Amino acid sequence: MHKYLVKRMLMMIPTLLGAAVLVFFLMQMIPGDICALRYAGSGGTFDASQIARCRVELGLDRPIFVQFFEWIGGFFIGDFGTSMWTDRSVAEEIGPRAVLSLQVAIMATIVSVCIAIPLGTISAIRQNTWIDYVVRGLSIAGIAMPSFWLGILIMLGLLWASNYFLGYGWIPPIQYVSPLEDPIGNVTQLIWPALATGYRYSAVATRMTRSALLEVLREDYIRTARAKGVIEKLVVNRHALKNSMLPVITVIGIEFAFLMGGLVVTEQVFNLNGLGKLFVDSVTNHDYTMTQALVMLVAFIFVMMNIAIDVMYAWLDPRIRYS
Amino acid sequence: MTATSTTADAAPNEKSILQRLGRTARRQPLGVISGAMIVAMVFIAVFAPIIAPIDPLQINFADQLVGPTSTYLLGTDELGRDILSRLIYGSRTALLIGFVSAFVGAGIGLVLGVTSAYLGGLFDLLFQRVMDVFMAFPLIIMALAIVSVFGAGTGNVIIAITIPFIPKCARVVRSSALALRELPYIDAARASGFSHARIILVHMVPNVMAPFLIMVTSFVGQAILLEASLSYLGLGVQEPTAAWGLMLRGGAEQFFESAPWVAIFPGLAITLAVFAFNLFGDSLRDALDPKLRSI
């Protein structure tokens, strides 16, 4: 197992290196030059010497390969560059926002699991009944519904509900509080984006639960369990569900890695200052160092998540032995 | 075969198209419904100037944020523009970006995927690794990174959505094409001295049409959703063009309490459009290639 882990860790290097090359050279394709764009964007007057100075400052006057290796080298010593917008270090900008985004991501995953597994199970054991059709409809609608619109609808619903029941309009607090200081305030703020993101992500997991469970329910040992008189509830919960969880875990794991994509829009709706908003802001403000660093972070999370899923597999299913 | 049996055979053949349609409708009712929704959408987009009651760009400060009335069936936005007309014209933006990026992205992916499977060896290995790198990013992150380089606007949005589709399609197509490569008719084609390009394009590509069509359909839905997300973030289609995602930006969020219609209808349009394409893709998959059902 340890050998396997080391091997997997080594195998992630080419993918990450490839991602780095891709991101770095994509940024080289910027029409003109970062400095020219920066000054042109500010709208004021500027001359060639200013641009030249900016290029030296950012190190753009050096050969492209030197720039690339310096950028890559920085990752190993924890230097991810300096934001071109705020002039603060990228790590400093990402750090506090990562905590918030991670919390929303975990909450969204919990929401998604709480929706997906019960609904997928009901859908599978009541295959081709009205309840199955409703669940499948809900999950297809979940994939089709943009999470930012769902976010707006949730806010609207909250306003209407609070006006009706409380007599005044209530919207979630905007100021972020740490879960350690004020757990209730923290949850009342973050549960809504978690719901909006989680519902959308539950859709794929629901479908996966349903199809995996349907497959397992056709196995011989399920028939044996039924034949020896085990009640249906136990057959499903004890015998079938556990064995159908492997593909579901893969889906949930990959979705967790991809949650950053969902957060990009959800954080905008709920005005949360997390990684997603930082990403959108850095794209809007032409903050290329920040964009590069964040894209690399997403690739890193994805690769790590894949390893985590593999390890979890071996742990859950002792038949799987990696060598 | 006698003359009588021919006439007996001819009778069902006369109705065959209608019968076949009827059979498809019974087997794939959702497919037919979603197909009809797509046809209706295309119709609305094509005849937008005739269908739309008011000019979608017409700003009317006298009628800001008016609720649904007989003049403005779905109300107006914060600039007094008719929401129904903007939704109708928005279908043009959505379908244009959806179809172009889905077909171009899947088309390039199709040729690359088949080529990779056909050539095999080192090329295939390297190609797979490059695809792995692309797959490490969610669609929207990839698209936003591309927008950050090329800038916003309709043309760049199409590029930003097309590029991430290429590896997704190439992967699926490659796995189908791998099995194809081993078939005797490909050997025969090679033995006949046909060029690689001819074998790939004429002999292999038509045989992986089933996964390709399934991919394209689901890509259109994803592209519409992606375009709406980018436009909502202000990094996609720009004002004053009518686009569903853009309609949810700004006024829709600011005034959603007093004017919920501004926020509700564009989102409904996006959801219905994506829903139709996803459902159609599902039915297409069931009809063409039931083996892919688990995907």
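Sort B:131-144, A:86-99 by packing, meaning the average of other beta carbons within 10 Å per residue, with the highest value first.
On the way: B:131-144: 22.6, A:86-99: 15.4.
Top to bottom by mean Cβ count within 10 Å: B:131-144, A:86-99.
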Check: By how many nm would the segment from A:Glu70 to A:Ala314 lengthen if fully extended, with 0.36 nm per residue of separation less the alpha-carbon distance?
Finding: 84.0 nm
Next item on the list: Can you tell me the equivalent ellipsoid semi-axes for the protein assembly as shown? Use √(5λ) from the Cα gyration tensor, largest first, whole Å.
Entry: 39, 33, 30
Check: Along the positive direction of the dipole of the range B:71-288 (beta-carbon charges: Lys, Arg +1; Asp, Glu -1; about the Cα centre), which of B:Leu201, B:Val100, B:Ala242 reaches farthest?
Finding: B:Leu201
Check: Ranked from the most accessible area to the least, with a 1.4 Å probe and all protein chains present, what is the order of B:His196, A:His286?
Finding: B:His196, A:His286
Note to self: Need one number: the % of Cα-Cα pairs in the range A:160-317 sitting beyond the 20 Å mark.
What the structure shows: 67 percent
Checklist line | Average partner coverage of B:71-81, which counts Cβ from other chains inside 10 Å | finding: 0
Note to self: As a test question: what accessible area, to the nearest 10 Å², does B:Ile44 have when a 1.4 Å probe is rolled over all protein chains in place?
What the structure shows: 60 Å²
Next item on the list: Run the 1.4 Å probe and let me know the accessible area of B:Asp63, rounded to the nearest 10 Å².
Entry: 40 Å²
Notebook entry, point to check: In what sequence, largest accessible area first, do A:Val230, B:Val220 appear using a 1.4 Å probe?
Noted result: A:Val230, B:Val220
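Using alpha carbons only, what's the Rg to Rh ratio of chain B with Rh from Kirkwood? Don't jump to the answer; show the numbers that get you there.
On the way: Rg = 23.5 Å, Rh = 21.6 Å.
With Rh from the inverse mean 1/r over Cα pairs, Rg/Rh is 1.08.
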Check: In the range A:142-248, which trypsin sites (Lys or Arg not before Pro) are in a loop and have at most 12 other Cβ atoms within 10 Å, using DSSP for the loop call?
Finding: A:Arg218, A:Lys228
Margin query: What number comes out for accessible area per residue over the protein assembly as shown if the probe is 1.4 Å? Units Å², please.
Written below: 48 Å²
Item checked: Carbon + sulfur, % of accessible area of the range B:71-288 - ligands and nucleic acids excluded, 1.4 Å -> 69 percent
Next item on the list: Measure nothing but the geometry: give the 0 to 90° angle between the long axis through the Cα atoms of A:147-165 and the longest principal axis through the Cα atoms of chain A, rounded to 10°.
Entry: 70 degrees
Item checked: Accessible area that becomes buried as B packs against A, both chains, 1.4 Å probe, Å², nearest 100 -> 3700 Å²
Note to self: If you take each beta carbon of peptide A:155-163 and count the beta carbons of other chains within 10 angstrom, what is the mean?
What the structure shows: 2
Checklist line | Computed [θ] at 222 nm, helices only, for the protein assembly as shown once each DSSP H run of length n ≥ 4 contributes -39500 (n - 2.57) | finding: -24500 deg cm²/dmol
Item checked: Burial ranking of peptide ranges B:228-240, A:168-180 (average Cβ count within 10 Å, highest at the top) -> B:228-240, A:168-180
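Counting only protein heavy atoms and using a 1.4 Å probe, what share of the accessible area of chain A belongs to carbon plus sulfur, as a whole percent?
Heavy-atom surface of chain A belonging to carbon and sulfur, 1.4 Å probe: 67 percent.
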Next item on the list: Show me B:97-104, A:263-270 ranked by packing, highest mean number of other Cβ atoms within 10 Å first.
Entry: A:263-270, B:97-104
Next item on the list: Over all directions, average the projected area of the Cα convex hull of the range B:124-183 and note it in nm².
Entry: 4.7 nm²
Check: If you line up the long axis of helix B:154-181 against the longest principal axis of chain B, both from Cα atoms, how many degrees apart are they, to the nearest 10?
Finding: 20 degrees
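Which whole number gives the average count of other chain Cβ atoms within 10 Å of the Cβ atoms across peptide B:150-163?
1
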Item checked: Positive dipole terminus of the range A:193-284, leading residue within A:Leu278, A:Asn237, A:Ala227 (C-beta point charges) -> A:Ala227
Next item on the list: Quick one, can you get me the convex hull of the C-alpha atoms of chain A expressed as volume per residue in Å³?
Entry: 191 Å³
Notebook entry, point to check: So which cysteines of chain A have no other cysteine's Cβ under 4.7 Å from theirs?
Noted result: A:Cys114
Next item on the list: Using +1 at the Cβ of each Lys and Arg and -1 at the Cβ of each Asp and Glu in chain A, identify which of A:Met290, A:Leu195, A:Val21 lies farthest towards the dipole's positive end.
Entry: A:Leu195
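The values are calculated or read from the model by the stated rules, or taken from the named source; none is laboratory data. Worth saying up front: this structure is predicted, and the values here are computed from it rather than measured. So basically every Cβ, Gly included, is an ideal-geometry build from the backbone, and we count neighbours across all protein chains shown. Ligands, DNA and RNA are stripped out before the accessible areas are found, and what is left, the full protein with its side chains, is counted by its heavy atoms. Shrake-Rupley method; radii C 1.70, N 1.55, O 1.52, S 1.80 Å.
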